[in-house]
Number of protein chains: 2
Amino acid sequence: MTTLNRPGAPDGHACGIDTAMEVIGGKWKVLILWALHEHPYRRFGELRRLLPGVTEKVLASHLREMEADGIVHRVSYDEVPPRVEYSLTEDGKRLNDALQPLAAWGRERPTARRLAERAG
Amino acid sequence: MTTLNRPGAPDGHACGIDTAMEVIGGKWKVLILWALHEHPYRRFGELRRLLPGVTEKVLASHLREMEADGIVHRVSYDEVPPRVEYSLTEDGKRLNDALQPLAAWGRERPTARRLAERAG
DNA sequence: CTGCATGCTCACCCCAGGGTAACCACCCAC
DNA sequence: GTGGGTGGTTACCCTGGGGTGAGCATGCAG
């Protein structure tokens with residue numbers, strides 16, 4: 001069971017966060033989202049270069065899932081060499097917007113304790 | 001490397017989302033956050049009952065990490081039987097607030113494609 | 001003495017998600 | 001014919017996060 005198995009949340013709330021968490025649950029998904037937000041209409045290789053450390057396999061599978069989730073749009077041009085362009089859908093843009101407060105929280109937070117712990 | 005290994009994000013943005021994602025990265029953390037938001041000052045056992053499916057081990061370790069991250073506050077009363085109360089810190093409350101747009105996105109989203117796919 | 005209730009810890013196992021690397025089909029430049 | 005660049009796929013391996021179940025310290029009710 002990879003989903004959060006809650007037909008009704010703790011006390012009846014639909015909550016919705018778990019839905020969102022599933023969609024952005026991959027290791028690189030928020031970064032892909034962010035990259036596509038900053039650089040609309042990128043090709044596979046460009047995205048790969050924008051995300052140092054990601055492997056082709058993982059990038060491909062993440063993009064595929066995000067496409068299935070309707071947050072990225074994929075356009076394949078029938079050329080040689082092949083060209084594919086990825087962009088955010090409207091829903092993806094809204095997701096990105098919804099992530100901004102979280103990003104702000106992350107940036108503002110008062111010197112997280114566990115970061116020190118990890119560094120040490 | 002469990003962190004997202006980005007001294008500077010894709011193109012120089014600090015981004016901050018990855019920080020937040022680390023903090024809420026556990027399977028049950030957002031639900032704990034939510035539960036503590038709806039029911040402030042809950043005991044371990046109560047929390048457990050609020051999150052059907054979570055095991056003691058995982059709940060304990062998640063609470064521990066969240067405490068280390070400064071988003072939950074733990075108060076242990078020297079009684080018998082032991083009593084421990086968990087609550088959100090100010091930072092935790094802010095995190096919860098920051099999650100609301102995400103929750104809204106999750107609730108509003110137009111019939112996610114992969115949900116159907118999973119059901120089928 | 002037994003059981004129950006609390007809030008954990010410990011030892012163990014399992015599997016999915018992610019990493020590694022090779023390969024494919026296509027065409028062009030050399 | 002060899003190499004490069006495109007956007008992938010396939011096979012395999014490996015780690016760690018989470019699940020399972022037991023145990024522990026304590027005191028009270030029965």
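The values are calculated or read from the model by the stated rules, or taken from the named source; none is laboratory data. Values in this document were obtained by computation on a predicted structure and should not be read as measured data. As a convention, Cβ positions derive from the backbone with ideal geometry for all residues, glycine included, and neighbour counts pool all protein chains shown. Surface accessibility is based on the protein's heavy atoms, side chains included, excluding ligands, DNA and RNA. Shrake-Rupley method; radii C 1.70, N 1.55, O 1.52, S 1.80 Å.
Taken over the stretch A:37-57, the criterion of being within 13 Å of DNA strand D (Cβ to nearest atom) and within 16 Å of A:T89 (Cα to Cα) is satisfied by A:Y41, A:R42, A:R43. Of the residues contained in the stretch B:91-98, one or more are found to be open to solvent by less than 60 Å² (accessible area, probe 1.4 Å), more than 10 Å from chain A (Cβ to nearest Cβ) and more than 14 Å from DNA strand C (Cβ to nearest atom). When each of B:G26, B:G12 is tested for being small (G, A, S) and modelled with pLDDT under 90, the lone residue that passes is B:G12.
Looking at the stretch A:61-90, which of the residues that are small (G, A, S) and near DNA strand D (Cβ under 8 Å from one of its atoms) is least open to solvent (accessible area, probe 1.4 Å)? If we take residues in the stretch A:61-90 being small (G, A, S) and near DNA strand D (Cβ under 8 Å from one of its atoms), then A:S61 is least open to solvent (accessible area, probe 1.4 Å).
Restricting the search to the stretch B:18-27, which residues are closer than 19 Å to B:P101 by Cα, open to solvent by 20 Å² or more (accessible area, probe 1.4 Å) and not in a helix (DSSP H, G or I)? Of everything in the stretch B:18-27, just one residue is closer than 19 Å to B:P101 by Cα, open to solvent by 20 Å² or more (accessible area, probe 1.4 Å) and not in a helix (DSSP H, G or I), namely B:G25.
Among the conditions (1) more than 11 Å from the chain's Cα centre (by Cα); (2) within 14 Å of DNA strand D (Cβ to nearest atom); (3) within 7 Å of chain A (Cβ to nearest Cβ), the only one that B:T19 does not satisfy is (2).
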